[in-house]
1. If only one of B:259, B:270 is assigned to a helix (DSSP H, G or I) and touching a residue at least 24 places away in the same chain (Cβ under 8 Å), which one is it?
2. Give just the number: which of (1) away from chain C (no Cβ under 13 Å); (2) under 20 Å from the mean Cα position of the chain (by Cα); (3) of a type outside the set (A, V, I, L, M) does residue B:56 not satisfy?
3. Look through region B:126-147, keep the residues that are of a type in the set (Val, Ile, Thr) and more than 8 Å from every other protein chain (Cβ to nearest Cβ), and return whichever of them is farthest from residue B:85 (Cα to Cα).
4. Among the residues of region B:185-205, are any within 14 Å of chain C (Cβ to nearest Cβ) and surrounded by fewer than 16 Cβ atoms within 10 Å (Cβ to Cβ)?
5. Need the failing condition index for residue B:2 against (1) under 30 Å from residue B:117 (Cα atoms); (2) over 27 Å from the mean Cα position of the chain (by Cα); (3) of a type outside the set (A, V, I, L, M, F, W, C), just the number.
6. Among the residues of region C:107-120, are any of a type in the set (A, V, I, L, M) and at pLDDT 80 or above?
7. Just for region C:1-40: of the residues that are over 13 Å from the mean Cα position of the chain (by Cα) and small (Gly, Ala, Ser), which one is farthest from the other protein chains (Cβ to nearest Cβ)?
Amino acid sequence: MGFFEMTKTALRTVLSRPATILYPAQAAKRTPLTRGHIVFDGSKCISCSICQRKCPAQAIVLNKEAKSWQIDRFRCVMCSSCVDTCPSKCLSMDPVYTAPASEKGVEVFTITYVKPPKPEKKEEPIQ
Amino acid sequence: MTKQIIVPFGPQHPVLPEPIHLDLVLEDEKVVDVIPTIGYIHRGFEKLVEKREFTEYVFIAERTCGICSFIHGSTYCQGIEQIMGIQVPERAEYLRVIWSEYSRLHSHLLWFGLYADSFGFENLFMNAWRIRERILDVMEQTTGGRIIQGSCKVGGVRKDISNEKLDEMAKDLDTIDREMKEMTTVFLNDDTVLHRTRNVGVLSREDAYHLGAAGPTARGSGVAIDLRMTGYGAYDRLNFHVATDSCGDCYSRHSVRAQELFTSTDLIRQAIKKIPDGPVDVKVTGAPNGEFFMRSEQPRGELVHYLKGNGTKFLVRSRIRTPTLTNIPPLVKMLQGCDLADVPVIVLSIDPCISCTER
Amino acid sequence: MKQEQTIIPIEVGRLIGSVEQFRNEGYRLAHIGCTKVGDNSFEINYSFDKDYVLQNLRITVTAETEVPSITGMYWGAFAYENEMHDLFGIPVKGINIDFKGTFIRTAIKFPFSVSVAKEEKK
């Protein structure tokens, strides 16, 4: 049975710094592993569409003929499945959160990857 | 015969974290009967299992609930691993235990905050959440997400924690322990808290066992059920005891949770000491064929994941039974005979997580 | 890991007798679940637990079979039985608190018993 059990904690928190951050005036806390948003590098994508099949939220749409890769930022749940399964490592996770927007839409990127030509076979001199 | 009035409680109420509707039948100021209604947040997760492959369904199972999300993901993965006969490496089992116990700490601290808010003690509410920030920072530094971790997969875990980071986490636990001790002293000894929670919402031992109560609701009435004693994951290699209390009122339920806070930090320290080196995942091939009831211990009680597969990539059935669904009948029993002003405190003392109940 | 479980298939008529036997032996009700296994056929699982060992009773019914309620022996089963009726459409007779379809309100009645083929958004 006690009456002033909370006094010590209350005085200490009144006299110390606040535990909250004035966001968005100050930047949000983030760590190197924070899952913020997906970054796409168009110069490495080989259009295999594994990312489209693995996405659990169906946020990625790939168009091979038109060479476009689009992502719906509001459907993406930042699970990193696409980052882990991409064979050419063109996707990465950035710690900054997606910016708020007033309309839903998709972001379209162009694929600029050009397959390097096969090296010519040199004829072996026959002995 | 006195007149009966029906007062609706919820779905919008300042103390409720999630929407549930209770129709309270009152005579003067005493509650005579309660009629619960759920369904405000039904999202149809169990239907979605027919459209997503079993390896992708982990992300959906995790998002069933925001407070207890890691344990949903890891129970689902363990269920699939039991059906397919996969043995997960030891380091992955210990990592899952560490993240589960951090998840339990954060859930109990969130609940302590809301509970203090239900009887108007806002300073204590904010203090509990201030401690919780430290736990969420650790989660973000090791998995990338504060609430939804996304680090469990079928066959192991997706990320590793380095040994230096584990030692740092063990040192931080001392500060967390000290702050939690100050906070729980207020909950266990302060006069105002005792007045609002002693002998309020009494549930007898017989009722708790036969109505199917789970978790601290049952342990507060003397029924010692804790699914961690079955030894899934790495729990069979760690020592801990089950916290119980015998009175069955709101005070004993919150004292059980206060003891569990310190059990969790102790388990994390033991796991960090014993964790071996090695790989953290195994390759998974094939599809599940069979059925299994996987049970585990969430912060709120006993969680059951029933999984059934027929050899294709899509599961036939995934049924999630969360502890709040089975704690609703004891809640109805507890509310009969109490005062109207005690209703928020009793509803919160079973720790309702309605989004888990509805899926 | 010691999670033992057994599944015993029985007929609908023997359900009440077996549940009463479990009640007398001191088992607690863990879970009642329903699975759709065919066009009009459902499997209902009753799970009982004592000392961490799980025993399951399984009955196979159609959407018209009237299943007797076990709320006489386990008062808390009304939550599961009302949910089973609202989502699958299986009529359960004699529930102590019968919500008559208003426990969970959905846009389509009995949603889990139909397969809705919706166009996947591309």
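1. Within the list B:259, B:270, the selection yields B:270.
2. That leaves (2) as the condition not met.
3. Filtering region B:126-147 down to residues of a type in the set (Val, Ile, Thr) leaves B:131, B:135, B:138, B:142-143, B:147.
Remaining after also requiring more than 8 Å from every other protein chain (Cβ to nearest Cβ): B:131, B:135, B:138, B:147.
Numbers: B:131: 40, B:135: 34, B:138: 32, B:147: 30 Å.
Per the criteria, the residue is B:131.
4. yes
5. Status for residue B:2: all satisfied but (1).
6. Here is the first cut: in region C:107-120, the residues of a type in the set (A, V, I, L, M) are C:107-108, C:114, C:116-117.
Applying the additional criterion that residues be at pLDDT 80 or above yields none.
Within region C:107-120, none of the residues are of a type in the set (A, V, I, L, M) and at pLDDT 80 or above.
7. So the residue we want is C:13.
Yes or no, residue by residue, for (1) modelled with pLDDT under 80; (2) under 22 Å from residue B:306 (Cα atoms); (3) facing another protein chain (nearest Cβ under 8 Å); (4) surrounded by fewer than 19 Cβ atoms within 10 Å (Cβ to Cβ):
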{"site": "C:47", "(1), (2), (3), (4)": "no, yes, yes, no"}
{"site": "C:53", "(1), (2), (3), (4)": "no, yes, no, yes"}
{"site": "C:57", "(1), (2), (3), (4)": "no, yes, no, no"}
{"site": "C:87", "(1), (2), (3), (4)": "no, yes, no, no"}
{"site": "C:103", "(1), (2), (3), (4)": "yes, no, yes, no"}
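The values are calculated or read from the model by the stated rules, or taken from the named source; none is laboratory data. On a predicted model such as this, the values are computed, not experimentally measured, just so you know. Backbone-built Cβ (ideal geometry, glycine too); neighbour counts: all protein chains shown.
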